[in-house]
Amino acid sequence: MIQVENTLLLVIDFQDRLVPAMYDCDELARKAEIIITGCRMLDIPVLTTQQYTKGLGDTVECVKNALGEFEAIEKMTFSCYGEPEFAKKLSKSWRKNVVVTGIEAHICVQQTVLDLLENGYNVYVVADCIGSRSESDRVYAERRMQNAGAVVTTMESVLFELLVSAEHPKRKEISNLIVTTQKR
């Protein structure tokens, strides 16, 4: 079960030269913005990566704004787990649940998820917050990650599971975030 005290959000490679090439990129960016903002409201730690920043650019503006102050982990490996700085920061977080968002679903996201599962983490792939250039690549990556043991879920489902109850003090803020951001 996803709980505030044992969960971390991973934001993989939402970069300037990658995002525009993704299938339904505007919807993908909007959903990523919502889950990042919601997790930050709930004080969920966030790790962010960038793949070969020199060639693929910086994190896109809307994701940057949602993240607030952050330092991206630079990587050259497709799997985030292959980058020693990432593995070190994840281990030091003491969080066993990793909620995964990012691009591309069939490359960096998938390889990261498989490595996280292999290393004993509970992985929750947010289906509406991962993307690839082709929809079929995303769909088959999602299927493979689920077959390997990851839980495939949605942004809204994750946020409400973290709230646990309608009595949570941040419930109204999270609900408003989802409704207002989805209307854009």
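What follows draws every value from the coordinates through simple rules; no lab data is involved. Worth saying up front: this structure is predicted, and the values here are computed from it rather than measured. Using ideal geometry, Cβ is built from the backbone for each residue, glycine included, and neighbour counts are taken over all protein chains shown.
Which helices count as membrane-span-like in the chain under these terms: full DSSP H, at least 27 Å along the axis by C-alpha, Kyte-Doolittle mean of 1.6 or more? Intermediate results must be reported in sequence, preceding the final value.
Values: long enough: none.
Sorted by number, there is nothing, because no helix extends far enough and scores high enough.
Could I get the Rg over Rh figure for segment 117-173? Both from C-alpha atoms, Rh via Kirkwood, rounded to two places.
Rounded to two decimals, Rg over Rh is 1.09.
Straight Cα distances below 24 angstrom link Lys54 to the lysines Lys64, Lys75, Lys88, Lys89, with same-chain residues fewer than 8 positions distant left out. Three principal axis extents of segment 80-184 based on alpha-carbon atoms, in descending order, are 38, 35, 23 Å.
Other residues with beta-carbon under 11 Å from the beta-carbon of Lys75 carry, at +1 per Lys or Arg and -1 per Asp or Glu, a net charge of -4. Normalising the average separation of contacting C-alpha pairs (under 8 angstrom, six or more residues apart) by the number of residues puts the relative contact order of segment 1-73 at 45 percent. Think of segment 78-122 as having a plus end and a minus end, set by charges on the Cβ of Lys, Arg, Asp and Glu; of Val113, Ser91, Ile103, Ser91 sits farthest toward the positive end of this dipole.
Label zone of Asp58 (point 7 Å out along Cα→Cβ, amide N under 11 Å): in segment 2-46 this covers 16.
Which percent, nearest 5, of DSSP beta bridges in the chain are antiparallel?
Percentage antiparallel, nearest 5: 5.
Sequence-distant contacts, meaning Cα pairs under 8 Å at least 6 residues apart, place the relative contact order of the chain at 27 percent. Near Val60, the amide H atoms lying under 5 Å from its own belong to Gln15, Asp16; only residues 5 or more places off or on other chains count, and H is placed 1.01 Å from N.
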